[in-house]
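Q: Handing you this structure, nothing more for now.
The values are calculated or read from the model by the stated rules, or taken from the named source; none is laboratory data. This one's a predicted model, so the numbers in the text were calculated from it and none came from an experiment. For neighbour counting, all protein chains shown are included, and Cβ atoms are generated from backbone atoms with ideal geometry for every residue, glycine included.
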Amino acid sequence: MLDIPSGLNLSASKSLTPIKLGFLESWRLISLSYSDPLSQTQHLNQKYGNVVMQKVGNMEVVYLFGADANRLALLNPDNILSNKKAWDQIIGRLFPNGLMLRDAEDHRYHRRLMQAGFKSKAMQGYFSQMAPQIARAIAKWSPTVGSEKTLAYPMFKNTTLDLAATVFLGMDLGADARKINKAFESTVAASMWRFPFAFPGTLLWRGIRARKIMCNFFQPMIEERKAGEGQDLFSILCRAQDEDGNRYTDQEIVDHINFLMMAAHDTTTSALTSMTYALAKNPEWQERLWGEMLALEGKDLKPQDLSAMVETEYVMKEALRLYPPLSTLPKFSNKEFEFEGYTIPAEAMVITSPIHTHYSDRYWDDPKVFDPLRFGDARKEHKRNAYSWIPFSGGAHMCIGLHFAEMQIKLVIFEMLKNYRWSVPHDYEMPVQQSPISKPTDGLPITLIRR
Ligand code: HEM
C-alpha cells in the first residue's frame, strides 16, 4: 500500500493544497496510476476525500471522485474542461485531431459529420458484413489440445482487427495485416510512454513512425472512396457532408480513421476478454446465456435478435463495470471552477475515474462480485445514479461507437457459445494491466472445448 505523507489540506479553507511528496513517493504514485489505477484512486479517496490535488512536475493534477464528479466532468457546463488539452498531452502525437481530441464547436462539427457512419442504415450494413465473418472466424478457432491453453486476448485482437478491416475499411488486409497490426500495437503501446521525448528507439519514437505507416496506408485510398459507393465506415466518412455541404479534408479523414481504428479495436478486444474471463469463472452464466440464445429463432443472429439478448447485455455491462477498458478519463481545466466547495484551479489535469466509481459501495451492492443481475429490472443498481456506470463516458464525448461495440460483442459471444464451452482453473485470477486500455498481462489462457 502507498504511504503518502499527510499534508493535504482539504478542510477549512476549501482551497486545494497539493500533496507534498518526495521524489520516490511521487514516482510510486505515478507508477501506480499506470499499473493499478483502482488501488491508487481508492487509496487517494479513502485518505483524502472526493477532491485531491497532486503536483506532478509542473502540472497540478486534480482527482475528482464519485458519480457527482463524473456528472460535472462529463456534462462540462460552460466548457470548464477541455478534452483536447488533456488528450493532446497523452496521445496527441500519435492520434492527433481524433474526435476525442477536439472541443466545443469544432468537436460538434466533426461529431455531426461522423454520425453518418453510425446511423441505423449504416449499422445494418455493418451487421450483415460482420455476422458471417464472425461466424466463420470463430468456428475455425482451434480447441485446446491436452494441457496446452488457448490465449483468448490475442485471438480477439486478430478477430476484431479483421472485422475492423472489413467494416471500417471495406477491404481484406491480406498481406498488409501483419504490418498494420504491428503499427497499431506500436501506436497504442507508445501512449504508455511517460515522457514527451521521442529519442530513436523509444516507444514514442516507434509509435510516431508507426503512425506514418498508417497514414501512408490510408491516404492513397481516399479519392477512390469519395467517388465510390462503399458502405464501409471509411467510405462513408470520405463522402460525409453536413447541411451546408461541408466535408472533411483528406487529412481529417486520415486522422479520424486512424483514431477510430484504435478506439474501436482495443476497447472491444478488452471488453470481449473480460466477458470471456467472467464467463469462464462463472460457467453457469455460459449455460444461462446459451439458453437465452437458444430461445431466439434460427441458428444465425438477425439484427432484431440483438435487443432480445437481455442477459447477454447484463453480462456485458457487468464486465465493463468490473474492467472498464478506460479506467480513468482525463480532462484539463480551461478555467477555475467549484466542486463540493473546493476551488479547482485553471490549467490543471482533472481526472475522473470510471473504475473508482464502478467499485464504490456507495452505488453498488458487493461491488467486487460478478453479479450481472444487478443490471436487471428487479434491481437496476445502475439507475441509483446516472453517472455511476460510465464505461462509455457521457455528455458530448460519450462513445460514438457504443452501439457498434454492443452489436459486435453480442455477435461474437453468440458464436462462441454456439461453438464452444470454455474454462479457467478455479484458483486462476486474471492479471490485469488497467492502463492505457485494460488488458490481461498473460493473454488470458483458457481451455476451449467444442460444444
Ligand atoms: C467496449 C467498447 C468501447 C468502450 C468501452 C469505449 C469507451 C469510450 C470512452 C470512455 C470514450 C470517451 C472518452 C472521453 O470522454 O474522453 C470513447 C470515445 C470514443 N469512442 Fe469508444 N469505446 C468503445 C468502442 C468504440 C467503438 C467500437 C468505436 C467506433 C466504432 C468507438 C469510437 C469512439 C470515438 C470516435 C470516441 C470519441 C467520441 C467523442 O469524443 O465525441 N468506440 N469511447
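Q: Among the numbered conditions (1) within 20 Å of residue 65 (Cβ to Cβ); (2) within 16 Å of the ligand (Cβ to nearest atom); (3) not acidic (Asp, Glu), tell me where residue 341 comes up short.
A: The single condition residue 341 does not satisfy is (2).
Q: Among the residues of the stretch 277-322, write down those that are touching a helix residue (DSSP H, G or I) at 6+ places or on another chain (Cβ under 6 Å), acidic (Asp, Glu), in contact (Cβ under 8 Å) with a residue 24 or more places away in the chain and more than 16 Å from the ligand (Cβ to nearest atom).
A: 311, the sole residue that qualifies.
Q: Just checking, how many residues over the stretch 235-251 are of a type outside the set (Gly, Ala, Ser) and touching a Leu at 6+ places or on another chain (Cβ under 9 Å)?
A: 6
Q: Tell me whether the stretch 345-357 contains one or more residues that are surrounded by fewer than 19 Cβ atoms within 10 Å (Cβ to Cβ), of a type in the set (Asp, Glu), at pLDDT 95 or above and in contact with a helix residue (DSSP H, G or I) (Cβ under 8 Å, 6 or more places away or on another chain).
A: No, the stretch 345-357 contains no residue that is surrounded by fewer than 19 Cβ atoms within 10 Å (Cβ to Cβ), of a type in the set (Asp, Glu), at pLDDT 95 or above and in contact with a helix residue (DSSP H, G or I) (Cβ under 8 Å, 6 or more places away or on another chain).
Q: Looking only at the stretch 23-51, which residues are under 19 Å from the mean Cα position of the chain (by Cα), hydroxyl-bearing (Ser, Thr, Tyr) and closer than 16 Å to residue 367 by Cβ?
A: Scanning the stretch 23-51 gives a single hit, 41.
Q: For the stretch 259-272, state whether one or more residues are within 14 Å of the ligand (Cβ to nearest atom) and either out of contact with any helix residue (DSSP H, G or I) (no Cβ under 9 Å at 6 or more places or on another chain) or part of a strand (DSSP E or B) (or both).
A: Checked the stretch 259-272: no residue is within 14 Å of the ligand (Cβ to nearest atom) and either out of contact with any helix residue (DSSP H, G or I) (no Cβ under 9 Å at 6 or more places or on another chain) or part of a strand (DSSP E or B) (or both).
Q: Between residues in the stretch 330-346 that are free of Cβ contacts under 8 Å to residues at least 24 places away in the same chain and residues that are in a strand (DSSP E or B) and crowded, with 16+ Cβ neighbours inside 10 Å, which pairs lie under 9 Å by C-beta distance while being six or more apart or on different chains?
A: 336/344; 338/344; 346/333; 346/337
Condition check ((1) near the ligand (Cβ under 9 Å from one of its atoms); (2) of a type in the set (A, V, I, L, M, F, W, C)) across all residues:
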{"position": "368", "(1), (2)": "no, no"}
{"position": "380", "(1), (2)": "no, no"}
{"position": "388", "(1), (2)": "no, no"}
{"position": "391", "(1), (2)": "yes, no"}
{"position": "396", "(1), (2)": "yes, yes"}
{"position": "404", "(1), (2)": "yes, yes"}
{"position": "408", "(1), (2)": "yes, no"}
{"position": "414", "(1), (2)": "no, yes"}
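Q: Which condition breaks for residue 397 when tested against (1) touching a helix residue (DSSP H, G or I) at 6+ places or on another chain (Cβ under 7 Å); (2) within 30 Å of residue 132 (Cβ to Cβ)?
A: Just one mismatch for residue 397, condition (2).
Q: Also, quick follow-up: What do you reckon, is residue 166 touching a residue at least 40 places away in the same chain (Cβ under 8 Å) and touching a helix residue (DSSP H, G or I) at 6+ places or on another chain (Cβ under 8 Å)?
A: Spelling it out, residue 166 is indeed touching a residue at least 40 places away in the same chain (Cβ under 8 Å) and touching a helix residue (DSSP H, G or I) at 6+ places or on another chain (Cβ under 8 Å).
Q: Within the stretch 256-290, track down each residue that is among the acidic types (Asp, Glu) and at pLDDT below 95.
A: 266
Q: Kindly evaluate residue 213 against the criterion of being within 24 Å of the chain's Cα centre (by Cα) and under 27 Å from residue 431 (Cα atoms).
A: So residue 213 does not fit the description; no.
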